[in-house]
1. Looking only at residues that are among the acidic types (D, E) and within 18 Å of G4 (Cβ to Cβ) in the stretch 133-156, which one is surrounded by the fewest Cβ atoms within 10 Å (Cβ to Cβ)?
2. What about V65, is it within 24 Å of L12 (Cα to Cα), part of a helix (DSSP H, G or I) and either of a type outside the set (S, T, Y) or without any contact (Cβ under 8 Å) to a residue 12 or more places away in the chain (or both)?
3. For the stretch 76-98, which positions are surrounded by 17 or more Cβ atoms within 10 Å (Cβ to Cβ), free of Cβ contacts under 8 Å to residues at least 40 places away in the same chain and closer than 21 Å to G2 by Cβ?
4. Report whether or not S23 is crowded, with 19+ Cβ neighbours inside 10 Å, of a type outside the set (A, V, I, L, M) and at negative phi.
5. With respect to the numbered conditions (1) outside any loop (DSSP other than H, G, I, E, B); (2) modelled with pLDDT of 95 or more; (3) out of contact with any helix residue (DSSP H, G or I) (no Cβ under 8 Å at 6 or more places or on another chain), which one is the sole condition not fulfilled by E26?
6. Would you mind finding the one in S107, S136 that is among the polar types (S, T, N, Q) and either closer than 16 Å to S94 by Cβ or at pLDDT 95 or above (or both)?
7. Quick one: S121 ticks every box in (1) loosely packed, with under 15 Cβ neighbours inside 10 Å; (2) part of a helix (DSSP H, G or I); (3) over 16 Å from the mean Cα position of the chain (by Cα); (4) without any contact (Cβ under 8 Å) to a residue 12 or more places away in the chain except a single one, so which number is it?
8. Kindly establish whether L91 is within 19 Å of K10 (Cβ to Cβ) and assigned to a strand (DSSP E or B).
Amino acid sequence: MGVGKSTVGKRLAKKLKIDFFDSDQEIVKKTGVDISTIFEYEGEKGFREREKKIIHELCQLKNIVLATGGGVVLSKQNRELLSTNGIVFYLKASIETILNRAKKENSRPLLKTVNKRERISELLIQRVPLYEEIASHAINTDRHTVNWAVEEILKKIQK
């Protein structure tokens with residue numbers, strides 16, 4: 001959340017001249033409603049089931065850049081699909097950076113809480129080991145531009 005997955009992904013796909021997909025946006029296209037609405041009516045569990053289906057579909061495609069939601073790693077099935085069907089880049093940032101980036105928008109269902117810092121910390125404690133489990137490479141996006149992150153990814157792909 002707030003590390004630049006979608007922004008970096010779009011720019012990377014453009015540089016590579018391949019298609020870009022954002023799993024959250026694909027869910028929105030299929031359902032016709034935003035992620036917050038899905039969380040409101042189906043809860044996180046319902047959203048995660050939709051996410052599994054879309055990840056399965058997207059992992060069938062070849063030569064794409066895929067940005068996923070931050071919680072995609074909570075599913076073992078998703079982790080296996082992602083790690084066996086491509087190169088996984090873990091974009092990471094400090095809690096402070098995530099807070100600063102996330103405060104600019106109000107559409108993140110998991111941050112609809114009084115103590116956003118505590119919630120981000122809880123999410124990172126739960127998710128970081130899972131990100132690290134499947135990541136081929138980690139890129140820290142703190143204090144870096146989108147172009148810098150894209151160039152770092154391109155260097156690692158070319159190796």
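1. Checked the stretch 133-156; the qualifying residue surrounded by the fewest Cβ atoms within 10 Å (Cβ to Cβ) is D142.
2. Judged against the criteria, V65 is not a match.
3. Residue satisfying the conditions is N78 alone.
4. Working: crowded, with 19+ Cβ neighbours inside 10 Å: yes; of a type outside the set (A, V, I, L, M): yes; at negative phi: yes.
When the stated conditions are applied, S23 passes them.
5. (3)
6. Numbers: S107 fails: either closer than 16 Å to S94 by Cβ or at pLDDT 95 or above (or both).
So the residue among S107, S136 that is among the polar types (S, T, N, Q) and either closer than 16 Å to S94 by Cβ or at pLDDT 95 or above (or both) is S136.
7. Only one criterion in (1) loosely packed, with under 15 Cβ neighbours inside 10 Å; (2) part of a helix (DSSP H, G or I); (3) over 16 Å from the mean Cα position of the chain (by Cα); (4) without any contact (Cβ under 8 Å) to a residue 12 or more places away in the chain is unmet by S121, namely (4).
8. Yes: the conditions hold for L91.
The values are calculated or read from the model by the stated rules, or taken from the named source; none is laboratory data. Quick caveat, the model's predicted, so the values are computed rather than measured. In this analysis, Cβ positions are derived from the backbone assuming ideal geometry, glycine residues included, and neighbour counts consider all displayed protein chains.
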